[in-house]
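Single-structure report; data block below.
The values are calculated or read from the model by the stated rules, or taken from the named source; none is laboratory data. Computed from a prediction, not measured in an experiment: that's the story for all the values here. Here the Cβ positions follow ideal geometry from the backbone for every residue, glycine too, while neighbour counts run over all protein chains shown.
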Amino acid sequence: MIRLLLFLSYAGLRSHALLRFGCSQLVTERLDPLGTPGQVSPHVHQIIGGNAFNVTMDPALDIPSVATCTTCKFKEDKSNYWTAVMYFKHPNGTFTRVPQIPNHFVGSTDGGMTVYYVQPGGNRVSAFPKGFRMITGNPKVRLSSPSEPSDVGSWALSFRCWESPDPFGPSNTYPPGAGQYDTRHLPNKKCAGGIRSNVFFPSCWDGKNTDMPDHSSHTAYPLGSVNPNVGILGFAGEGCPSSHPVRVPHVLYETYWDTSKFNNLLTDTEWETEQPLVLSMGDPTGYGQHGDYLFGWEGDSLQRAMDNCMDGFGWPEACTELTVQTDEEMNSCRLATKVDENVGESEYIEALPGCNPLQNGPEPATTVEGCLAVSTTIASVATPV
């Protein structure tokens, strides 16, 4: 990570707004108020952020006034961030959830993720408005689109195979989403230091809609070609498209999955032949990686941070516009699960929660009919869906 921070400095981001902070786990369960509001989600998600998170997240909800705590480093940030969960498939066909561990230099967070807010190119950005939400990625995708330099969005989702947990090691040389250690698919080899997933959101907004039915068409990636050795962490491009003229912060999620604890269960050849990792929607490819974002910062706190917090390393303590909380405060903010089922946290499970058999593609994944799962009513018994 130090190499990454040095890159940010050399790239000129020292004079650009940058926040990088850890968030611990809020809850892990089958809820997705953007994809399936008011219902149980088809697959498991890991959620961080403010404890106002609920099954509906009505757009009219004043999140900062409802949330009483947040799992993120800044007390003003009551937003919610979530992604799919990673599982390990054992040789006997059972599954175990891959644990999340703290990223480099974010403290002692209890699982969770690292979140970035970046002001690319030194251009002033506008903070997201109240009620803003967006999704990037598609859980049904099972085939990669090539990372063409002119296709900025194709650089947004990737996995970093760490050769070691050493933050000074060669596999931590490149920025997320770039270089020889990142792939769009789940690594098909053992990663001695674990795996980090990288999820970048678009940084251009239409300036009108805080959400759309597909949760994505009101946003867009900037124009231009990406340097394959740099990726889109500091990518400013040639400006935003005319349909989405407003620059907003470039949001990035990093999730550190401790896959190394499973490395001794398979030989190198077995791992390469039948890659055992799978995302919670039954995706053994990784191409269906996706992320959800729901804005919930207090007042103008994010705008003030983007205007004034110019530390090139993004250390939370360097941003005096915001209030930093302790790891203990972050880790104590929790929500009780609402869906009564075993999601493989500490036990073996025979199938992925929900109707999620493995679908390798390359065709898009389809909904499976006739299997048993918790129904789409909170707290109900298992029924065929």
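At-a-glance table
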read-out: Search result, residues across the stretch 14-38 that are among the hydrophobic types (A, V, I, L, M, F, W, C) and assigned to a strand (DSSP E or B); value: Leu18, Leu19, Phe21, Cys23, Leu26, Val27, Leu31
read-out: Residue in the stretch 54-95 that is surrounded by the most Cβ atoms within 10 Å (Cβ to Cβ), counting only those that are β-branched (Val, Ile, Thr) and not in a loop (DSSP other than H, G, I, E, B); value: Thr70
read-out: Flag for Thr109 being buried (at least 21 other Cβ atoms within 10 Å of the Cβ) and of a type in the set (S, T, N, Q); value: yes
read-out: Lone qualifier among Gly296, Gly361 - being more than 21 Å from Pro120 (Cα to Cα), touching a Lys or Arg at 6+ places or on another chain (Cβ under 7 Å) and modelled with pLDDT of 95 or more; value: Gly296
read-out: Hits in the stretch 208-240 (condition: without any contact (Cβ under 8 Å) to a residue 40 or more places away in the chain and on the phi > 0 side of the Ramachandran plot); value: Gly239
read-out: Positions within the stretch 132-161 being part of a loop (DSSP other than H, G, I, E, B) and buried (at least 22 other Cβ atoms within 10 Å of the Cβ), in sequence order; value: Pro139, Ala156
read-out: Residues being among the acidic types (Asp, Glu) and either more than 30 Å from Arg30 (Cα to Cα) or not in a helix (DSSP H, G or I) (or both) - total across the stretch 306-341; value: 6
read-out: Options Leu265, Leu322: the member that is surrounded by fewer than 17 Cβ atoms within 10 Å (Cβ to Cβ) and among the aliphatic types (A, V, I, L, M); value: Leu265
read-out: Test: residue in the stretch 174-197 that is outside any loop (DSSP other than H, G, I, E, B), over 15 Å from Tyr293 (Cβ atoms), touching a residue at least 60 places away in the same chain (Cβ under 8 Å) and not hydroxyl-bearing (Ser, Thr, Tyr); value: yes
read-out: Matching residues, the stretch 272-305, being among the aliphatic types (A, V, I, L, M) and either touching an Asp or Glu at 6+ places or on another chain (Cβ under 9 Å) or surrounded by fewer than 21 Cβ atoms within 10 Å (Cβ to Cβ) (or both); value: Leu302, Ala305
